[in-house]
Amino acid sequence: MIFSEDFCLRNKENERDFVRTRLLPFHELIFFLLNMNNQSYQEKLDRYFQVLHHAEVHERVLYKGSLSKARAKMKHEAFMELNDHLVNFFYDHFRPDIWFGFNLLAVDGSTLRLPPHEADIADHFGVWTSTKGEKACPKARVSQMFDVLNKITVDGIINPKSDWEREVAAFHFLKLQPQDLILLDRGYPAHWLFGLILSMGANFCARISYKRWSAARKFYLSVKKEQISKSYPSPQSIRKCYEMGIDKKPLRVRFIRVELDSGETEILVTTLMDMKRYPYELFSELYHLRWPVEEDYETLKYRLQVENFSGKTVRSVYQDFHAKLFSKNLVAAVARTTKQQIFLKSEKLKHVHQINFTQALVKMKHTIILVFHRTSKKVTEIIEKLRTIFIQTKESVRPNRKFPRRHRVKQRRFFYEYNTNC
């Protein structure tokens, strides 16, 4: 796909781009950006060609200026298209874990710190002004629709920070399939958003604020553990439904009360109406299955260093974000093939084991270059060696472990003045 002319034509800025034979053609630029880079331009280039040519020391094949010019010719949508292709291939050819026949997809958002002191980036994405007197910092809003059982990002979006989370989530939902079940935190529920999910033939289970929803408040006061009732749209949701062409009729939903160990009460709302097939006891665990989407942001920010952008342009921000999402998904897809073997090896142990995904990312770095450059036979050998080391690099799963949420976490900052911009 990457080597095809059609793919190149769709994802280059001008028909005249990437026509001549260069040291960094279109496909080579793709492979370079997929290598989960987090060093200076020249260092990354020298290391890239060292790995590619099996050299004993770094090779100065290309200078950083050539890389900057090449990046300006390529659209970031190339990585989005590659990710869509990978995700579709995963569901068609792998055996993904499912929950009662559903793909469990959680949607969650976050923000990313962007390179400072760049007017174009600040103008495009917006600036976050701290209440603590710190300097204003450019930030982007990111969101992902994440398969929590298979650790695959089905869809990722990076937008200006002014975009609302619900508005961004709506773009995710345009990719929904009837076999998908969406898990949502309490910041997302809106009648029009639920209507959009249903219009795609999918289902949802969401944590809801009983203080903001009249139907949920009546259920909360009733002290019942579950109830099927109608939820009516607010005037704002009616306007949004008209705007998006969504049916504004009342929704028939099922409310569920979940009592937490802390004594708090959570109210869930879902479209899974069949109480025999989906009994009340399932839903406490179901909602908390969404937690991996929050853990995945830790992987993106601290393991893949997604905020350590390699360039200081709007284009490079989009390219780096989507390239690292694809690389993460590629590692997750390979790692998924080892799950059963790791489980069988841990059957007689005290705890079930799972792959150490952080180590899997480390082992895949630079190897990803060889995967795309070698013959089919050689690639098969490389993948098998990766699978072997993944199986050996595992960690135990300790059930019922709980960690208090840390609301004040010191963010790691990257010093962009020491990185070569593009």
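Once both labels are positioned 7 Å from their Cα atoms along Cα-to-Cβ, the gap between ALA136 and GLU167 label points is 1.9 nm. Coupling constants for segment 221-227 follow from the phi torsions by the Karplus curve (6.51 cos²θ - 1.76 cosθ + 1.60, θ = phi - 60°), and in residue order they are 6, 6, 6, 6, 8, 7, 6 Hz; glycine and proline get x. Once both axes come from the Cα atoms, what is the angle between helix 235-244 and the longest principal axis of the chain, in degrees from 0 to 90, rounded to 10? Value to nearest ten degrees: 50.
Between ARG71, ARG257, ARG239, which gets the highest mean-square fluctuation from a Gaussian network model of the chain, Cα cutoff 10 Å? Most flexible of the set in this elastic network: ARG239.
Between TRP291 and PHE89, residue separation times 0.36 nm minus the direct Cα-Cα distance comes to 70.2 nm.
Each label was represented as a point 7 Å from its Cα along the Cα-to-Cβ direction; for GLU347 and GLU43 these points are 4.7 nm apart. Helix 314-336 and the longest principal axis of the Cα set of the chain meet at an angle near 80°. Ranked by solvent-accessible area (1.4 Å probe, protein heavy atoms only, all chains present), the residues LEU52, LEU45 order from largest to smallest as LEU52, LEU45. Available extension along the chain between SER199 and GLU264 is 20.1 nm, counting 0.36 nm per residue and deducting the alpha carbon span.
Contour minus end-to-end for TRP99 and ARG239, with contour as 0.36 nm per residue of separation and end-to-end as the Cα-Cα distance?
Full extension from TRP99 to ARG239 adds 46.9 nm.
Taking only protein heavy atoms into account and a 1.4 Å probe, give the accessible area per residue of the chain in Å².
Numbers: 22540 Å² over 422 residues.
Per-residue accessible area for the chain comes out at 53 Å².
Assuming charge only on the beta carbon of Lys and Arg (+1) and of Asp and Glu (-1), the dipole of the chain about its Cα centre is about 960 debye to the nearest 20. Near ASP155, the amide H atoms lying under 5 Å from its own belong to MET145; only residues 5 or more places off or on other chains count, and H is placed 1.01 Å from N.
Comparing mean-square fluctuations of SER66, SER376, SER262 from a GNM of the chain with C-alpha springs under 10 Å, the top value falls on SER262. A Cβ-based charge dipole, computed about the Cα centre of segment 188-234 with Lys and Arg at +1 and Asp and Glu at -1, lands at about 260 debye. Taking label positions 7 Å along the Cα-Cβ direction at both LEU9 and ASP247, the computed distance is 4.1 nm, reported to one decimal.
Protein-only accessible surface at a 1.4 angstrom probe places the residues HIS351, HIS288 in the order HIS288, HIS351, largest first. Using a Gaussian network model of the chain in which every pair of alpha carbons under 10 angstrom is joined by a spring, one finds that among MET364, MET244, MET36 the greatest mean-square fluctuation is at MET244. Each part gets one Cα centre, and for segment 268-344 versus segment 2-78 those centres are 28 Å apart. In the chain, taking the dipole from charged Cβ atoms about the Cα centre, the farthest positive-side position among SER209, THR111, PHE125 is held by SER209. Taken one residue at a time, the phi angles of segment 188-196 give Karplus couplings (6.51, -1.76, 1.60, θ = phi - 60°) of 9, x, 7, 4, 5, 6, 4, x, 5 Hz. Gly and Pro are set to x. Karplus-derived 3J(HN,Hα) values for segment 276-281, using 6.51 cos²θ - 1.76 cosθ + 1.60 with θ = phi - 60°, are 7, 6, 10, x, 3, 5 Hz; glycine and proline are entered as x.
In the chain, helices alone account for a calculated mean residue ellipticity at 222 nm of -12000 deg cm²/dmol, with every DSSP H run of four or more residues adding -39,500 (n - 2.57). Of the residues ILE256, LEU9, PRO25, the one whose Cα sits farthest towards the positive end of the charge dipole of the chain is ILE256 (charges of +1 on Lys and Arg Cβ, -1 on Asp and Glu Cβ, taken about the Cα centre).
Of HIS172, HIS54, HIS76, the order by accessible heavy-atom surface (1.4 Å probe, DNA, RNA and ligands excluded), from most exposed downward, is HIS54, HIS76, HIS172.
Can you list the trypsin sites (Lys or Arg not before Pro) in segment 77-184 that are in a DSSP coil and have 12 or fewer other beta carbons within 10 angstrom?
Values: sites: ARG113, LYS132, LYS135, LYS139, ARG141, LYS151, LYS161, ARG166, LYS175; in loops: LYS132, LYS135, LYS151, LYS161, LYS175.
Counting only loop positions with at most 12 other Cβ atoms within 10 Å, the trypsin sites (Lys or Arg not before Pro) in segment 77-184 are LYS132, LYS135.
For ASN38, the amide hydrogen comes within under 5 Å of no other amide hydrogen, counting only partners 5 or more places away or on other chains and with H modelled in the peptide plane.
Quick one: pull the percent of accessible area on the chain belonging to carbon and sulfur, 1.4 Å probe, ligands and nucleic acids left out.
After summing per-atom areas, the C and S share lands at 51 percent.
The values are calculated or read from the model by the stated rules, or taken from the named source; none is laboratory data. Just so you know, these numbers come straight off a predicted model, no measurement behind them. Cβ coordinates were reconstructed from backbone atoms using ideal geometry, including for glycine residues, and neighbour counts include every protein chain displayed. Keep in mind that these areas ignore ligands, DNA and RNA; they rest on the heavy atoms of the full protein, side chains included. Shrake-Rupley method; radii C 1.70, N 1.55, O 1.52, S 1.80 Å.
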